[in-house]
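What follows is one structure encoded as structure tokens, with my remarks underneath.
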Amino acid sequence: MPSDFLHLFDALLRLPSVSSAHAALDMSNRPVIDLLADRFSTLGFTCEIMPLPGHPHKANLIATLGRGPGGLVLSGHTDTVPFDADLWRSDPLRLTERDNRLYGLGSTDMKGFFAIVHEAVRALDASKLQQPLVILATADEESSMDGARALVQAGRQLGRGALIGEPTGLKPINRHKGVMMERLRVQGQSGHSSNPALGKSALEAMHAMLSTLLALRASLQREYRNPHFAIDLPTMNFGVIHGGDNPNRICGHCELEFDVRLLPGMNSATLRDDIRALLEPIARQHAVEFSFTPLFPGVEPFANDHSELVALCETLTGSTAQSVAFGTEAPLLQQLHLDTVVLGPGSIDVAHQPNEYMELDQVRPCIELLRRLIGRYCLVPAASR
């Protein structure tokens, strides 16, 4: 591989940019954004750094080459998940080439994608552009997706089509499930267990609420099915529960955390309202208070059928568009009226774990694919497509 490509790949890995809901682990992504802005501005891109409202240490980058409506957006996120360096065979914050693979934190998910994009556009003649090319680098995809949400809130118009370079093994993805992560808290009244009248059991109320949620899960799974997914129904997982402090004391407080994986056609806000409506009469019956709140804003389901960009990617890759279980920024970019596909190098199977890597044999095909897409979207006049 070209030395410039490997140098940028390594430079991106050397800049830690963990995003996390836990403040002690959360980091700024500005060093990564500044590096990308410097590299793409050298290639003639106009680079706008967009700080996130209320979070000046977080930012998006919008790098644009050419002018006019339409064009192509190549999008990725600049953050990574937290990591434990002791579990790695090599330094996670350095590029290590071994076994025909490029190892490092974010190598495939997804800092390496920006090094590939840079290599793909390095020799691009800007004077031949008929439509603009936009490189979008976002903040906090791994935690809140606040970077992409800020773009939606600002109503940014970026282009006609968008490719998100998440690791898909260079196969186009046009569907994924959504995810909600919720916290249910029940506040009762503690008291001596010898006399139930002395308290209001939060645990018994939670038992009734949990039974109702199980019944709702069964109902949703009867109502919604999608054969495009390996798990073709919505799921609801009860992952965390805590309550009480002693067996001879009426439980005064109980807390449940659960997630829901939504199929296309489902909406998180509607489902959240439905759940709250089911829980309110149970709380009244048990004379307890409850709160029901999201742990993070959630990701909506993504589906993009009858898409020009998806069809083109199917032709160029020789692969039929597929569905995946993991979530992306695709539904947010769709809100910006972008024809969106998820397609990138590497495998999601090695993301979020020690010894993450990108296969070297995915790099050159991805570069060539991006160049062909740029040719179709940006070098050919819109009327000729």
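We did not get these values from a lab; they are worked out from the coordinates using the rules stated. Everything numeric here is computed off the predicted structure, so don't read it as measured data. Glycine also receives a Cβ, built like all others from the backbone with ideal geometry; neighbour counts cover every protein chain displayed.
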### Query
Given labels modelled 7 Å from the Cα in the Cβ direction, how far is it in nm from Asp91 to Gln157?
4.7 nm
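May I ask you to sort Ser20, Ser75, Ser211 by Cβ crowding, counting other Cβ atoms within 10 Å and putting the fewest first?
Final ranking by Cβ density, sparse to dense: Ser211, Ser20, Ser75.
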### Summary
In nm, the gap between the two label points placed 7 Å beyond Cα toward Cβ at Ala230 and Gln189 is 5.1 nm
### Task
Could you work out, for region 1-72, what percent of all Cα-Cα pairs fall into each 10 Å distance bin, beginning at 0 Å and stopping at the bin that holds the largest distance?
17, 40, 31, 11, 0
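Mean 1/r over all different Cα pairs, inverted: what Kirkwood radius does region 256-385 give, in Å?
18.6 Å
Taking the number of other C-beta atoms within 10 Å as the exposure measure, put Ile62, Ile241 in order starting with the fewest.
With the sparsest Cβ surroundings first, the list reads Ile241, Ile62.
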### Total formal charge among the other residues, if their Cβ is under 13 angstrom from that of Ile275, Lys/Arg +1 and Asp/Glu -1
-1
### Query
When Rg is the radius of gyration of the Cα atoms in region 140-267 and Rh is its Kirkwood radius, what does Rg/Rh come to?
1.14
### Derived scalar couplings ³J(HN,Hα) [region 299-311; Karplus, 6.51 cos²θ - 1.76 cosθ + 1.60; whole Hz; x for Gly, Pro]
10, 6, x, 10, 8, 9, 8, 6, 9, 4, 5, 4, 4
### Query
How long is the gain from Thr46 to Glu255 if the chain were fully straight, where each residue apart is worth 0.36 nm and the alpha carbon distance is subtracted?
70.3 nm
#### Entry: region 89-181: radius of gyration and largest Cα-Cα distance (Dmax), Å
16.2, 47
### Message
I'd like the Karplus ³J(HN,Hα) series for region 241-258: coefficients 6.51, -1.76, 1.60, θ = phi - 60°, whole numbers in Hz, and an x wherever there's a Gly or Pro.
### Response
9, 9, x, x, 9, 7, x, 9, 10, 4, 5, x, 8, 8, 9, 10, 10, 8
### Task
Can you tell me the dipole magnitude for region 118-244 around its Cα centre, using point charges on the Cβ only (Lys, Arg +1; Asp, Glu -1), in Debye to the nearest 20?
320 debye
### Task
Determine the gain in length on full extension of the stretch Asp125-Asp245; use 0.36 nm per residue of separation and subtract their C-alpha separation, reporting nm with one decimal.
36.4 nm
### Summary
With the dipole of the chain defined by +1 on each Lys or Arg Cβ and -1 on each Asp or Glu Cβ, the option from Ser193, Ser28, Gln130 whose Cα lies farthest towards the positive pole is Gln130
### Task
Hand me the GluC sites (Glu not before Pro) from region 109-187 located in a DSSP loop with no more than 10 other Cβ atoms within 10 Å, in residue order please.
none
### Message
Can you return the lysines within cross-link range of Lys171? Criterion is Cα-Cα under 26 Å, with same-chain partners fewer than 8 residues away left out.
### Response
Lys111
### Summary
The relative contact order of the chain, taking Cα pairs under 8 Å that sit 6 or more residues apart, comes to a percentage of 24 percent
### Message
Just to be sure I understand the model, the point goes 7 Å from the Cα along the line to the Cβ. What's the resulting Ser291 to His352 distance in nm?
### Response
2.6 nm
### Query
Using modelled amide H (1.01 Å from N, peptide plane; none on Pro or chain starts), what sits under 5 Å from the amide H of Arg101, excluding residues fewer than 5 places away?
Leu360
### Summary
For region 178-294, the dipole about the Cα centre with charges only on Cβ (Lys and Arg +1, Asp and Glu -1), to the nearest 20 debye, works out at 100 debye
